[in-house]
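Take a look at the structure below.
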Amino acid sequence: MNTYIFDNAPEAETAERFASLDALYNFRTFRFLETTGIGPGWHCLEVGGGSGSVAAWMAERVGPSGSVLVTDIDARFMEGSAYRKPAHLELRRHDIGTDPLPEQAFDLIHARLVLMHVPQRQKALARLVAALKPRGWLVIEDFDGRIIDRAIPVSDAAEAASFRRVGGALGRLMEERGLEVEWARGLYGKLKAAGLAEVGMEGHVAVCEGRGLGASLDAANFAQVRQEAVAKGLITDDEVNAVLGRLAAPGFAVLSPVMFTAWGRRPDTLPINPK
């Protein structure tokens with residue numbers, strides 16, 4: 001069952017969300033992936049293809065002697081993506097929460113903003129670890145929107161409260177679909193508990209100014225869920241309109257969610273139970 005809250009249909013809001021995510025975070029994602037040593041001949045798995053930009057970057061690095069499998073529970077957007085799809089890049093519809101993966105098949109596995117949306121995320125993590133080759137790398141990136149108060153830069157108390165209400169409505173809908181609020185901040189411990197070696201984690205937070213990429217990402221997210229949030233009485237149309245107006249104002253600013261990036265490497269010998 002698809003519990004993902006955002007629609008991946010090739011529509012304006014989806015395009016804006018993916019474009020904002022790529023512009024905000026690809027430079028960090030590529031830095032972490034470069035650190036693993038990715039190169040020609042590697043076999044990689046990109047879970048949750050999104051726009052296709054990360055998979056395309058991987059395909060360039062591994063070359064025709066390698067391969068990239070990119071999966072998504074809803075691949076409609078990437079199927080129509082402008083990114084070149086070389087012969088060694090395969091797109092597959094796949095639910096990481098329930099569908100199997102080949103074991104010990106990949107030198108590098110990456111997932112950005114995926115597992116936080118998967119109700120069976122712990123089983124999915126075990127499945128990803130089992131899919132690593134010995135000495136293979138796993139890199140997981142997920143948001144934590146509650147570890148800090150995102151409205152800290154807002155000087156007007158009423159505007160800060162309004163932003164928190166709209167953000168809280170989005171969080172409530174995500175929790176109804178199985179979001180674990182503290183998942184991202186616990187990634188370091190989860191990778192250690194899975195038996196991975198060379199585990200590390202970093203967090204990233206930035207100021208999102210009105211009309212900027214971070215504000216555009218918030219606006220796209222709020223726009224996609226507003227109908228359901230209003231129908232359930234979590235917020236009103238007027239509240240959403242007010243927050244969208246502030247996100248489009250040059251003098252407004254909030255903090256981004258914290259993006260936690262965690263990584264680890266499968267040892268030469270590691271007993272794995274992907275069940």
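Please treat every number below as a calculation from the coordinates, not as lab data. This is a predicted model, so every value here is computed, not measured. As a convention, Cβ positions derive from the backbone with ideal geometry for all residues, glycine included, and neighbour counts pool all protein chains shown.
Among DSSP beta bridges whose residues both lie in the chain, state the antiparallel percentage, nearest 5.
Given both bridge residues lie in the chain, the antiparallel proportion sits at roughly 45 percent.
Tell me, Glu159, Glu46 in order of fewest to most beta-carbon neighbours within 10 Å? Walk me through the numbers on the way to the answer.
On the way: Glu159 17, Glu46 29.
Fewest to most other Cβ atoms nearby, the residues stand as Glu159, Glu46.
Provide the per-residue ³J(HN,Hα) series for segment 145-155, in order, calculated from phi with Karplus coefficients 6.51, -1.76, 1.60 and θ = phi - 60°, each as a whole number of Hz, with x at glycine and proline positions.
Result, rounded to whole Hz: x, 10, 6, 10, 8, 5, 8, 3, x, 7, 7.
In sequence order, what are the phi-derived ³J(HN,Hα) couplings for segment 252-261 according to the Karplus relation 6.51 cos²θ - 1.76 cosθ + 1.60 with θ = phi - 60°, rounded to whole Hz, with x for glycine and proline?
For segment 252-261, the Karplus-derived couplings read 9, 7, 9, 8, 6, x, 6, 9, 8, 10 Hz, x marking Gly and Pro.
Non-local amide H neighbours of Cys208 (under 5 Å, H modeled in plane, Pro and chain starts lacking H): which ones?
Those qualifying (amide H under 5 Å, at least 5 residues apart or on another chain) are Val254, Leu255, Ser256.
Rg and Dmax of the chain, using alpha carbons, in Å: what are they?
Rg, Dmax (Cα atoms, Å): 18.8, 57.
Using the Cα centre of segment 34-106 as origin and beta-carbon charges of +1 (Lys, Arg) and -1 (Asp, Glu), tell me which of His94, Met58, Thr35 is placed farthest towards the positive end of the dipole.
Met58
For Glu141, Glu90, what ranking results if the residue with the fewest other Cβ atoms within 10 Å of its Cβ goes first?
If I rank by nearby Cβ atoms, fewest first, I get Glu90, Glu141.
Using θ = phi - 60° and the Karplus relation 6.51 cos²θ - 1.76 cosθ + 1.60, list the HN-Hα couplings for segment 190-206 in order, rounded to whole Hz, with x at every Gly or Pro.
Per residue, the Karplus-derived 3J(HN,Hα) values read 5, 5, 5, 5, 6, x, 6, 10, 6, 7, x, 7, 10, x, 10, 9, 9 Hz.
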